[in-house]
Amino acid sequence: MGNVLDGILKKTIEDSFTVNVDYISERFDIDNREQDFSIQINYSDGVGVDMIFYLEGSIDGENFSEITNSRQPVSDPSGTHIWDISGSGVVWFRVGIIVNAGSINLNKILYSGKRRH
């Protein structure tokens, strides 16, 4: 029997700040994972929220393209959004937020990937 495949790769991408203009996170490397992975945004204290959360991927870490069907419209003043992704061949990811109106406190952006150990 082989090694266990677990979600042992964990990383906090961003920590606590206000988003009131369009935003793109730092890029993060997902090349060390074996299969599925997830990205989570935790946010709170929104005022007049009209935003779109989305993902971008890249192979070279410099040229990013939006991931098809990743857009999630957001109007709640607080919450959590999760992308559960399988079968992606990209090496780098980042999170984008389009601000149509309002502001949120972005508490965390988290990444979790699966790898055998």
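What follows is calculated from the coordinates using simple rules that are stated; it is not laboratory data. What you are looking at is a predicted structure, and each value in this text was computed from that prediction instead of being measured. Glycine gets a Cβ as well: all are built from the backbone with ideal geometry, and neighbour counts include every protein chain shown.
A few points about this structure:
- Note: segment 12-116, Cα convex hull, 89 Å³ per residue.
- Förster-model FRET efficiency, 22 Å R0, Ile82 and Glu62, C-beta, rounded to 0.05: 0.25
- For Asn20 and Val47, the difference between the fully extended length at 0.36 nm per residue and the C-alpha to C-alpha distance is 8.8 nm.
- The phi-based Karplus calculation (6.51 cos²θ - 1.76 cosθ + 1.60; θ = phi - 60°) puts the 3J(HN,Hα) values of segment 57-73 at x, 8, 8, 9, x, 10, 10, 10, 10, 5, 6, 4, 6, 8, 5, 10, x Hz, whole numbers, x for Gly and Pro.
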